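Asks: Before I ask anything, let me first share the structure, which is written out below as structure tokens.
The values are calculated or read from the model by the stated rules, or taken from the named source; none is laboratory data. Keep in mind the model is a prediction, meaning the values are calculated, not measured. Here the Cβ positions follow ideal geometry from the backbone for every residue, glycine too, while neighbour counts run over all protein chains shown.
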Amino acid sequence: MSEHESRSLESMIVHVLYRAVQEADAVFVQHVGEAGLTPRQFAVLVTVAQQENANQTHLVVRTGMDRSTVSDVVRRLVGHGLLQRRRTKEDARAYAIRLTDKGQETLRAVEPRARRADVFIQSLLPPKQRREVLAGLQMLVSAFELTAARNAAKTAPAGGRGRRTLRNS
């Protein structure tokens with residue numbers, strides 16, 4: 001690799017992934033339109049719809065977002081009347097999160113548009129490579145999660161639980 005290539009942003013996977021996410025987010029917002037949901041808000045709505053009375057820990061695990069992002073997204077969706085939070089009887093510190101009627105209606109309206117955005121993004125790839133690209137990205141996510149879990153286990157205090165992020169590595 002030449003010195004010029006080593007300095008090229010286009011040769012850095014971190015930058016290319018970031019740019020791909022920016023563009024994919026823009027496509028999603030364009031397709032979703034007036035509903036005004038972000039991809040992360042949509043992911044939280046879908047996850048809550050799949051797991052009635054989910055809690056924020058469940059959302060962190062299922063969406064891959066960090067706790068503060070999930071907390072902010074849930075707060076915004078509650079503010080828009082799409083989600084409802086209630087303290088659980090089992091743990092007064094935890095919230096059970098569920099879709100409101102408005103949240104269910106919004107999800108029903110937005111889901112087909114989000115799927116069309118996904119189809120459009122995939123259509124930008126050659127047909128034979130679509131599955132390979134998705135599988136490669138899923139493999140990358142799994143590798144990051146495994147690395148984070150290993151690092152958390154190494155840095156966790158005896159008898160305690162370490163934080164599950166790559167920032168510890």
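Asks: Inspect all residues belonging to the range 55-69 and state whether any of them is under 15 Å from the mean Cα position of the chain (by Cα), under 15 Å from residue 104 (Cβ atoms) and without any contact (Cβ under 8 Å) to a residue 24 or more places away in the chain.
Replies: Kept after step one, since they are under 15 Å from the mean Cα position of the chain (by Cα), are these residues of the range 55-69: 56-69.
From what's left, under 15 Å from residue 104 (Cβ atoms): none.
No, that holds for no residue.
Asks: Now, a different point. Mind checking which pairs have a first residue in the range 15-26 that is not assigned by TED's automatic domain parsing to the domain that holds residue 115 and a second that is hydroxyl-bearing (Ser, Thr, Tyr) and surrounded by 12 or more Cβ atoms within 10 Å (Cβ to Cβ), Cβ under 8 Å, 6 or more apart or different chains?
Replies: none
Asks: While we're on this one: Consider the range 110-132. How many of its residues are under 23 Å from residue 47 (Cβ atoms) and exposed (fewer than 13 other Cβ atoms within 10 Å of the Cβ)?
Replies: Count: 3.
Asks: Another question, if that's okay. Does any residue in the range 87-103 that is hydrophobic (A, V, I, L, M, F, W, C) come within less than 6 Å, Cβ to Cβ, of a residue that is not in a strand (DSSP E or B) six or more places away or on a different chain, and which pairs are these?
Replies: Short answer, once both residue conditions are applied: 94/55; 94/88; 96/53; 96/88; 97/48; 99/48; 99/49.
Asks: Something else about it: Can you find even one residue in the range 27-39 that is among the aliphatic types (A, V, I, L, M), within 23 Å of residue 133 (Cα to Cα), surrounded by fewer than 16 Cβ atoms within 10 Å (Cβ to Cβ) and free of Cβ contacts under 8 Å to residues at least 60 places away in the same chain?
Replies: yes
Asks: While we're here: When you go through 74, 46 one by one, which is the residue that is surrounded by 12 or more Cβ atoms within 10 Å (Cβ to Cβ) and in contact with a strand residue (DSSP E or B) (Cβ under 8 Å, 6 or more places away or on another chain)? Break it down stepwise before answering.
Replies: On the way: 46 fails: in contact with a strand residue (DSSP E or B) (Cβ under 8 Å, 6 or more places away or on another chain).
Step by step, each of 74, 46 is checked, and only 74 is surrounded by 12 or more Cβ atoms within 10 Å (Cβ to Cβ) and in contact with a strand residue (DSSP E or B) (Cβ under 8 Å, 6 or more places away or on another chain).
Every residue, every condition in (1) touching a helix residue (DSSP H, G or I) at 6+ places or on another chain (Cβ under 9 Å); (2) at pLDDT 95 or above, yes or no:
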| position | (1), (2) |
| --- | --- |
| 77 | yes, yes |
| 82 | yes, yes |
| 110 | yes, yes |
| 119 | no, yes |
| 128 | no, no |
| 134 | yes, no |
| 142 | no, no |
| 149 | no, no |
| 165 | yes, no |
